[in-house]
Amino acid sequence: MTILPAFKNAGLTRPIQTKLFIGGEFVDAIGGGTIDVLNPFDNSKICEIAEAREEDVDRAVEEAKAAFPAWSRMDAADRGQLLLKLADAIEANAEELIRLEALDTGHPVRDARKLDVPRTARCFRYFGGMADKVEGSLPPVYPGFINYVQREPLGVVGQIVPWNFPLMFTSWKMAPALAAGNTIVIKPAEITPLTTLRIAELMKEVGIPDGVVNVVPGYGHTAGARLSEHPDVKKIAFTGSTATGRRIVQASAGNLKKVQLELGGKGPNIIFKDAFLPAAIGGSAWAIFHNQGQACIAGSRIIIHEDVADEFTEKFAALAKSIRLGNPLDTNTEMGPLTSKMHQQRVLEYSKIAADEGGEIVTGGKAPDSAELENGCFVEPTIVRATIDSRVCQEEVFGPFVTVSTFREEEEALEMANGVIYGLGSGLWTQNLSRAHRFARDIQAGMVWINSYKVVHPASPFGGIGESGYGREMGFEVMHEYTQPKSVWVNVDAQVPPHYER
Ligand code: NAD
């Protein structure tokens, strides 16, 4: 295999896999189809990858099914050891993964170096350690009986992920599923498959047995839909939009497979009058502008006390204007392009919607005026003053686009925060301890950050309520998502007939 020019130009020094990973081998798609992978910095073609369709998914499920008995019965400590080795391999190949993610998604290398890659390794390591700590229970039942409950893996799980954090999501999805003893067919988003394929290669190198993990990049309506309806898939773990989440639930009905959904969000970020403003300004910028706002937990709705709104907005806009946009491969770049042209257009459309609805565009709202960036999928950091019931305050934009709305009374702030269909991430900034905890109690969301935003850790459950989905990733919580209880009854005296209640 030769190194394609786009990879060479990105500083990569070895060929990158572009085929499907099925049964431990990189193979062409049965139908021979391919998908062009584009560089969002300038929309040039990076490479072609094999396009998985229904028949490829079927083949991958078959391999995962065949690998399940041995993998699930392996000593859990040995499974964990393989995940620990994988974490080491990710760190040893960090520079390559950083560049590949930057090239494929537009994540600035400085973010990928500080966040995506270390978080991916940490997550595989955390669940590697978890593998042999999944305990059952011994409920106190009738005298004469022992009842033990063991947690068993589900079988083949299908995992479908979006394009915003493809590398990190390999670990969020695969690490707990593998630790629990399941085998996997994972479908990366069709536009960002490269780091997932590289992780598959590393999995093979560290000795994860063939067929335990299979990677099938392909389109949602073909490969994704087949995985969701497949009768031999016992669970779908999905991260993506709420609309697709609904389709997956419908497709799951055939064999009543389990479904776990991490969907959209419209995170409220509430700033009280007593907030320490410099921290709230910096934290709010991180909450919305990191990864170009392409985060389900982004703090995309600032809800601020009217007395501090002007000062906050002025300083926040100055910070937004100072963010350096550029080539994600350049270490000085603080914000890269959005991940696709189509998505850039969608985000820009929301500036028009805001203006039509009477919102005030404080800064941004357009692509940057720069010859160097004009072919890329860039959007300037955008701040819009808008009323809370406007479309831009209700619909997920999923870009560097944040609304600012004001409140006077505390109850009003809570009502505004809870007034959307989503309930994923949320944040608040105050120095009043009881108010902070009162809001943490009353906000309808899966996660609340107090005087911070968007902090995640593999030990802490991640997920949402309402139309943000159900089920949790991470923490011990997720081990329950990837295992099912089996209740075993033992009559301790085999000579005595069992006791029945009449
Ligand atoms: P999307 O729903 O369009 O696509 C996500 C994945 O689903 C892709 O792999 C796609 O190919 C696949 N897919 C599409 N149609 C399908 C179908 N009919 N059956 C099966 N699979 C199908 O979402 P997107 O636009 O790629 O991603 C952005 C969305 O993801 C946003 O709404 C964002 O909030 C959400 N997201 C949620 C979380 C979370 O943890 N809650 C994290 C990141 C992103």
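Which of the residues belonging to segment 44-87 are open to solvent by 50 Å² or more (accessible area, probe 1.4 Å) and assigned to a loop (DSSP other than H, G, I, E, B)?
Scanning segment 44-87 gives R53, M74, D75.
Please return the ranges of helices (runs of 4 or more DSSP H) entirely within segment 398-482 where 1 or more residues are in contact (Cβ under 8 Å) with a residue 40 or more places away in the chain and within 16 Å of the ligand (Cβ to nearest atom).
On the way: elements: 410-418, 433-442, 477-481.
Per the criteria, 477-481.
For segment 292-324, which positions are within 16 Å of the ligand (Cβ to nearest atom) and out of contact with any Leu (no Cβ under 9 Å at 6 or more places or on another chain)?
Initially, segment 292-324 is screened for residues within 16 Å of the ligand (Cβ to nearest atom), giving 292-301.
A295, A298, G299, S300, R301 - these are the residues of segment 292-324 that are within 16 Å of the ligand (Cβ to nearest atom) and out of contact with any Leu (no Cβ under 9 Å at 6 or more places or on another chain).
Would it be correct to say that F439 is over 23 Å from the mean Cα position of the chain (by Cα) and surrounded by 17 or more Cβ atoms within 10 Å (Cβ to Cβ)?
Here the answer is yes, as F439 does meet what is asked.
State which residue is nearest to the ligand (Cβ to nearest atom) when the search covers only segment 271-280 and only residues that are touching a Lys or Arg at 6+ places or on another chain (Cβ under 9 Å) and in contact (Cβ under 8 Å) with a residue 40 or more places away in the chain.
From segment 271-280, those touching a Lys or Arg at 6+ places or on another chain (Cβ under 9 Å) are 272, 274, 277-278; that's our starting set.
After this cut, where a residue has to be in contact (Cβ under 8 Å) with a residue 40 or more places away in the chain as well, the list is 272, 274.
Details: F272: 26, D274: 31 Å.
Here the residue is F272.
Tally the residues that are under 16 Å from the mean Cα position of the chain (by Cα) and open to solvent by 10 Å² or more (accessible area, probe 1.4 Å), restricting the search to segment 114-123. So that I can check it myself, show each step before the final result.
Step one: filter segment 114-123 for residues under 16 Å from the mean Cα position of the chain (by Cα), giving 115-123.
Restricting the remaining residues to those that are open to solvent by 10 Å² or more (accessible area, probe 1.4 Å) gives 115, 118-119, 122.
Adding up the residues that qualify gives 4.
For segment 31-41, enumerate the residues that are open to solvent by 60 Å² or more (accessible area, probe 1.4 Å) and closer than 23 Å to Q294 by Cα.
Of all residues in segment 31-41, those open to solvent by 60 Å² or more (accessible area, probe 1.4 Å) come to 31, 34, 36, 38.
Answer for segment 31-41, where residues must be open to solvent by 60 Å² or more (accessible area, probe 1.4 Å) and closer than 23 Å to Q294 by Cα: D36, L38.
Hey, does segment 23-30 have a residue that's charged (D, E, K, R), within 30 Å of H107 (Cβ to Cβ) and open to solvent by 10 Å² or more (accessible area, probe 1.4 Å)? Reasoning before the result, please.
So in segment 23-30, the residues charged (D, E, K, R) come out as 25, 28.
This time we only want the ones that are within 30 Å of H107 (Cβ to Cβ), so: 25, 28.
If we keep only those that are open to solvent by 10 Å² or more (accessible area, probe 1.4 Å) as well, we get 25, 28.
Within segment 23-30 (the criterion being charged (D, E, K, R), within 30 Å of H107 (Cβ to Cβ) and open to solvent by 10 Å² or more (accessible area, probe 1.4 Å)), the answer is yes, since at least one residue qualifies.
Under 7 Å between Cβ atoms, which residue pairs at least 6 apart in sequence (or on different chains) link something in segment 235-258 that is under 20 Å from V61 (Cα atoms) and assigned to a loop (DSSP other than H, G, I, E, B) with a partner that is more than 7 Å from the ligand (Cβ to nearest atom) and open to solvent by 50 Å² or more (accessible area, probe 1.4 Å)?
G254/E229; G254/P231; N255/P231; K257/K234
List the number of the failed condition for K266; all other conditions in (1) open to solvent by less than 30 Å² (accessible area, probe 1.4 Å); (2) more than 20 Å from G446 (Cβ to Cβ) hold.
(2)
So which strands (runs of 3 or more DSSP E) are wholly in segment 117-225 and hold at least 1 residues that are modelled with pLDDT under 95?
Values: elements: 145-153, 156-160, 183-187, 213-215.
So the answer is 145-153.
Suppose we filter segment 162-189 for residues that are open to solvent by 10 Å² or more (accessible area, probe 1.4 Å) and in contact with a Gly (Cβ under 7 Å, 6 or more places away or on another chain); how many remain?
1
Restricting to segment 124-161, name every residue that is surrounded by 15 or more Cβ atoms within 10 Å (Cβ to Cβ) and polar (S, T, N, Q).
Once the filter is applied, which keeps residues that are surrounded by 15 or more Cβ atoms within 10 Å (Cβ to Cβ) and polar (S, T, N, Q), segment 124-161 yields only Q159.
Mind listing whichever residues of segment 278-326 are outside any helix (DSSP H, G or I) and small (G, A, S)?
Taking segment 278-326 first, the residues outside any helix (DSSP H, G or I) are 294-305, 323-326.
Residues satisfying the conditions are A295, A298, G299, S300, G326.
Count, please, the residues in segment 236-263 that happen to be more than 10 Å from the ligand (Cβ to nearest atom), open to solvent by 50 Å² or more (accessible area, probe 1.4 Å) and within 13 Å of P162 (Cβ to Cβ).
0
In the list L414, L428, L433, which residue meets the criterion of being open to solvent by less than 10 Å² (accessible area, probe 1.4 Å), assigned by TED's automatic domain parsing to the domain that holds I302 and farther than 30 Å from A10 by Cβ? Talk me through it step by step, then tell me what you get.
Details: L414 fails: open to solvent by less than 10 Å² (accessible area, probe 1.4 Å); L433 fails: open to solvent by less than 10 Å² (accessible area, probe 1.4 Å).
Sole residue among the options that is open to solvent by less than 10 Å² (accessible area, probe 1.4 Å), assigned by TED's automatic domain parsing to the domain that holds I302 and farther than 30 Å from A10 by Cβ: L428.
Considering V456, V490, which residue is aliphatic (A, V, I, L, M), under 30 Å from T339 (Cα atoms) and open to solvent by less than 60 Å² (accessible area, probe 1.4 Å)? Can you show your working first?
Values: V490 fails: under 30 Å from T339 (Cα atoms).
Just a single option satisfies the conditions, and that option is V456.
The values are calculated or read from the model by the stated rules, or taken from the named source; none is laboratory data. Worth saying up front: this structure is predicted, and the values here are computed from it rather than measured. Heads up, the Cβs are rebuilt from the backbone with ideal geometry, glycines too, and the neighbour counts pull from every protein chain shown. The accessibility values were calculated without ligands, DNA or RNA, using every heavy atom of the protein model including side chains. Shrake-Rupley method; radii C 1.70, N 1.55, O 1.52, S 1.80 Å.
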